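The block underneath contains the structure these notes are about, expressed in structure tokens.
The values are calculated or read from the model by the stated rules, or taken from the named source; none is laboratory data. The structure presented is a predicted model; accordingly, all values stated were derived computationally and were not measured. So basically every Cβ, Gly included, is an ideal-geometry build from the backbone, and we count neighbours across all protein chains shown. Each accessible area value is taken on the protein alone, full model and side chains, heavy atoms only, with ligands, DNA and RNA left out. Shrake-Rupley method; radii C 1.70, N 1.55, O 1.52, S 1.80 Å.
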Amino acid sequence: MGLSSSHWGAFEPIVTKGRLIEARAFPKDPDPSPLLQSISDAVHDRSRVKRPAVRISWLENGPGSQTHRRGADGYVSVSWDRAFDLIAGELRRTIAEHGNQAIFAGSYGWGSAGRFHHARSHLQRFLGALGGYTGSRDTYSNAAGAVLVKNVLGTPQAMNGPGTSWKSIVENSDLVVFFGGVPIRNTQVTPGGMGEHITRLWLEKARARGVRFCNISPMRDDTPAFLDAEWIAARPHADTAIMLALTHTLIVEGLYDGDFVARYCAGFDRFREYLLGREDGVAKSADWAAGLSEISAARIRDLARAMAAHRTFINVNWSLQRADHGEQPVWAAIALAAALGQIGLPGGGFGFGYGSMEGLAGLKQEVPLPTLPVGHNPIRSSIPVARVADMLLKPGQPYQYDGREFVYPKIELVYWCGGNPFHHHQDINRLIRAWRQPATIIVHDPWWTATARHADIVLPATTALERDDIGASARDRFIIAMRQAIAPQGEARDDFSIFLSLAKRFGVSEAFGEGREAASWLRRIYDVAREKASEDGFDWPQFDEFWNRGYLEIPETSTPHVLFKDFRDDPEQYALPTPSGRIEIYSEKIASYGYADCPGHPTWFEPIEWLGAPIVHKYPLHLLTTQPSTRLHGQMDMGRVSQASKVSGHELMRINRGDAQARSISDGDVVRVFNDRGSILAGAVITDEIRPGVIQVSTGAWYDPEEPGIIGSLDKHGNPNVLTLDRGTSSLAQGPSAQTALVQVEKYRGMPLRVMVHEPPSA
Ligand SMILES: Nc1nc2c(c(=O)[nH]1)N[C@H]1C(S)=C(S)[C@@H](COP(=O)(O)OP(=O)(O)OC[C@H]3O[C@@H](n4cnc5c(=O)[nH]c(N)nc54)[C@H](O)[C@@H]3O)O[C@H]1N2
Ligand SMILES: Nc1nc2c(c(=O)[nH]1)N[C@H]1C(S)=C(S)[C@@H](COP(=O)(O)OP(=O)(O)OC[C@H]3O[C@@H](n4cnc5c(=O)[nH]c(N)nc54)[C@H](O)[C@@H]3O)O[C@H]1N2
Ligand SMILES: [Mo]
């Protein structure tokens, strides 16, 4: 079978006369994603970058010229050779005059599936061979949570999976409490290339067994209707208060498991003092949390009692930690689960992100993956991933991260390959200002994204359909032989061959490519994984057999996974890799950092922007920028699935009926959403599925300013990052706080504005 794969599923490409006409779902996938329908649109779309292109002012006047015209300037097409000369010259100049740390190649993002043609890895391997670069650490997805759990649980596994498997939950849980629901739209994807979507099927089984579900979320439809979940429509960001109050209730009602916390946890007593109000005079009671969350104290108490009386599983979606003080709901959830004492029991304890992505709770075997080694960065310079605008705006300034002080480097050249900061970064107007600082910005992308349109040199990259690769994900059971289905579009080249050409100009092609062509790399990464698999007792076919068969299926384990089962069974032998060897409800280490914004135990902080603020704000609505059901981030925004959802070409904004009526907004109206950071147009969709005071605009509409290059311009299309807050979660993790934003909405009464961003710029 000739297959290809994507982050939203494997598929069979159907090609006629060199064009992809359909991406037909992989027959082994029990619940394929509708996003497959958009691939054929995207891959041949007019927004593809066809030839290497250089921004006019940069080409005419040299590096650093008229950087305020980024986003506004036109482009000149150049030959590949000329583009390579320009890039090589600029890399040489930067390294000679400013040193390697002046090259920023963090290059965060979800470039195409496939383990070999991983764009960012090739960029970093290449720059590693040139002496290094400034990189980035952690993810936009779960930086706050991952750094926190590394400290208090010893490894990031609880955050990134594998967690307690669905099978264990379906067979053993009585009650599942979801903070942020389990939106099936998000489980369409997992990084690397996937074979099967299983979340919906497990939820159906759980429902059939009579498991009770509770959805603590501003949106009712964060859980699928068939689960019949109880909806607790709390204020966004009140979760930490609710979790503290649930734990407080367990303590004061004598329902908590004192033996468990004594045996398996460090510092629960100090945390209890805080809960009881002995630290700050405020008891974190259900009555206290009721005022913050708008959920009644009786309801919070009832939930605490139900959790204690039943086998309860707690899941917290990553979204909650992508917020001001996002470390806290993660830590508070761990503390709550510890007080319940069910950690390590089948169907009990906690997990993260089960509704964030597919495969966090898998039945998958632990098998090696074919992967490209990312190489070595000789200078070890890096920033927390979401601090990119801070870095560009504040060179030389110190900042805190995970207990240490660092200094932002001064960046002369930005190289982005396989990511889209004008999609993913918060506060785009601030980003535009930051983006004016470097002398040169180079981007590879298959499409003219907003990031490409704000670059100086743009190189056309192929998509996964235009090359051979191997699809595999740590969260999936299938390894896919991804076969090239169509010729490279326009003059596109794959990132590997682009960097190989550049490496030749620097005489480092051996260090970069290790003397292999792409085809021999595929064999190589497969064979390395196959060898490791055979050491673990798995018998994988030879490469040729795998390639001809089209995929490799790893059998499921028969025993469901239960997170921390070993630790529970034998806390000495399986001590956690934390300083105490236990679950750290109080962390001496974190306390020793002396961070006012992240002290030694889970703590309630009032978010900097939220509906519970004591003064009535001029921006009375909480904006949630959720993941889009109709695309992956900014990818395939031009595809039919995304386009069918737009309202008069604008991204949709869901708003509660009462909030709409109060503003005389009707279904389908074009609205302006704004705050002090910027304004966007969007199309109103009125709903009862979202609580009052909250609006939802998904990420991923391509930024399309009315006045390109002008800071503060209205975005005609509806990219919500024009409105979001660019601020680290705390000194500990410095993660993104994307969900923390207040806005106002009004009916748009100006001239209709057409979204033009899918037309390529003049070149
Ligand atoms: N407000 C708000 N912002 C958010 C979030 C949020 O919840 N709210 N979520 C955040 C999260 S969790 C994430 S992960 C980020 C996602 O942010 P990104 O991962 O940066 O978003 P993508 O649109 O997936 O960008 C990937 C880019 O790689 C390009 N690409 C694909 N294949 C190739 C290739 O082979 N080579 C090259 N060179 N390029 C390729 C695609 O065309 C696309 O432009 O967004 C973050 N931003
Ligand atoms: N279709 C599709 N799926 C995706 C992606 C995509 O682009 N498209 N992106 C993928 C990526 S990279 C990631 S990291 C994950 C992200 O996964 P998440 O971060 O979990 O996703 P979100 O959609 O931001 O949020 C999930 C739900 O949390 C709720 N929520 C938000 N804020 C709060 C809060 O303060 N309290 C409570 N209780 N609930 C809240 C929202 O109602 C929202 O629907 O999604 C992945 N899945
Ligand atoms: Mo993410």
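Listing for the model above:
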read-out: Phi to ³J(HN,Hα) by Karplus 6.51 cos²θ - 1.76 cosθ + 1.60 over region 246-252, Hz, x for Gly, Pro; value: 4, 5, 4, 4, 4, 5, 5
read-out: Net charge dipole size for region 557-694 [Lys, Arg +1 and Asp, Glu -1 on Cβ; Debye, nearest 20]; value: 560 debye
read-out: Charge dipole (the chain, unit charges on Cβ, about Cα centre) - positive-most of 176, 636, 152; value: 636
read-out: Order by protection proxy (mean Cβ within 10 Å, highest first), peptides 86-97, 123-134; value: 123-134, 86-97
read-out: Distant-in-sequence amide H partners of residue 462 (H built 1.01 Å from N, under 5 Å); value: 493, 494, 495
read-out: Helix-only mean residue ellipticity at 222 nm for the chain, each DSSP H run of n ≥ 4 adding -39500 (n - 2.57), per residue, nearest 500; value: -8000 deg cm²/dmol
read-out: From phi via Karplus (6.51, -1.76, 1.60), per-residue ³J(HN,Hα) for region 14-30 in Hz, x at Gly/Pro; value: 9, 10, 10, 6, x, 10, 6, 9, 7, 10, 8, 4, 4, x, 7, 7, x
read-out: Three-way shape label, region 305-454, alpha-carbon gyration tensor, a/c 1.5; value: prolate
read-out: Förster radius 25 Å - calculated FRET efficiency between residue 643 and residue 491 (Cβ-Cβ, nearest 0.05); value: 0.40
read-out: Prolate/oblate/rounded label for region 614-747 (Cα gyration tensor, a/c 1.5); value: rounded
read-out: Estimated vicinal HN-Hα couplings, Hz - region 501-518 in sequence order (Karplus 6.51, -1.76, 1.60; Gly, Pro = x); value: 4, 5, 4, 4, 5, 9, x, 10, 5, 5, 5, 6, x, 6, x, 10, 7, 3
read-out: Net charge dipole size for the chain [Lys, Arg +1 and Asp, Glu -1 on Cβ; Debye, nearest 20]; value: 1240 debye
read-out: C-alpha center-to-center spacing [region 412-460, region 651-703] in angstrom; value: 28 Å
read-out: Accessible solvent surface per residue of region 333-482, calculated while the other protein chains remain in place, 1.4 angstrom probe, Å²; value: 23 Å²
read-out: Mean accessible surface per residue for region 614-747, computed with a 1.4 Å probe while every protein chain stays in place, in Å²; value: 30 Å²
read-out: Difference of contour (0.36 nm per residue) and Cα-Cα distance, residue 666 to residue 24; value: 227.3 nm
read-out: Rounded to the nearest 20 debye, dipole of region 614-747 from Cβ charges on Lys, Arg, Asp, Glu; value: 200 debye
read-out: Extension gain, residue 280 back to residue 66 (0.36 nm per residue minus Cα-Cα distance, nm); value: 71.7 nm
read-out: Inter-label distance, nm, simple model (7 Å from Cα along the C-beta direction), residue 524/residue 374; value: 1.9 nm
read-out: Among the listed pairs 532/565; 618/646; 28/167; 150/565; 50/646; 150/394, those beyond 22 Å (Cα-Cα); value: 532/565; 618/646; 50/646; 150/394
read-out: C-alpha center-to-center spacing [region 626-646, region 45-84] in angstrom; value: 27 Å
read-out: DSSP bridge pairs, region 614-747: antiparallel proportion in percent, nearest 5; value: 65 percent
read-out: Among 258, 665, 426 the positive-end extreme of the charge dipole of the chain (Cβ point charges); value: 665
read-out: Accessible area expressed per residue, region 492-562, with surrounding protein chains retained (probe 1.4 Å, Å²); value: 53 Å²
read-out: Amide hydrogen neighbours beyond the local backbone of residue 349, cut-off 5 Å, H modeled; value: 312, 314, 342, 343
read-out: Beta bridges by DSSP in the chain, antiparallel share as percent, to the nearest 5; value: 50 percent
read-out: Lys/Arg +1, Asp/Glu -1 at C-beta; the chain dipole; positive extreme among 461, 508, 162; value: 461
read-out: Percent of beta bridges antiparallel (DSSP, region 316-469, rounded to nearest 5); value: 30 percent
read-out: Rounded to the nearest 10 Å², the accessible area of residue 626 at probe 1.4 Å; value: 20 Å²
read-out: Efficiency of FRET between residue 201 and residue 88 - r from beta-carbon atoms, R0 56 angstrom, step 0.05; value: 0.60
read-out: Separation of the residue 225 and residue 617 label points, Cα + 7 Å toward Cβ, nm; value: 3.2 nm
read-out: Carbon and sulfur %, accessible surface of region 625-763 computed with the full protein complex present, 1.4 Å; value: 48 percent
read-out: Estimated FRET transfer efficiency when R0 is 35 angstrom, pair residue 534-residue 572 (beta carbons, to 0.05); value: 0.60
read-out: Compactness of region 326-396 as Cα Rg over 2.2 N^0.38 Å, two decimals; value: 1.70
read-out: Stretch gain in nm, segment residue 553-residue 366, where the contour uses 0.36 nm per residue and the Cα spacing is subtracted; value: 66.0 nm
read-out: Between region 244-270 and region 278-338, the Cα center-to-center distance that results, in Å; value: 13 Å
read-out: Cα gyration tensor category, rounded, prolate or oblate, for region 710-763 with a/c compared to 1.5; value: oblate
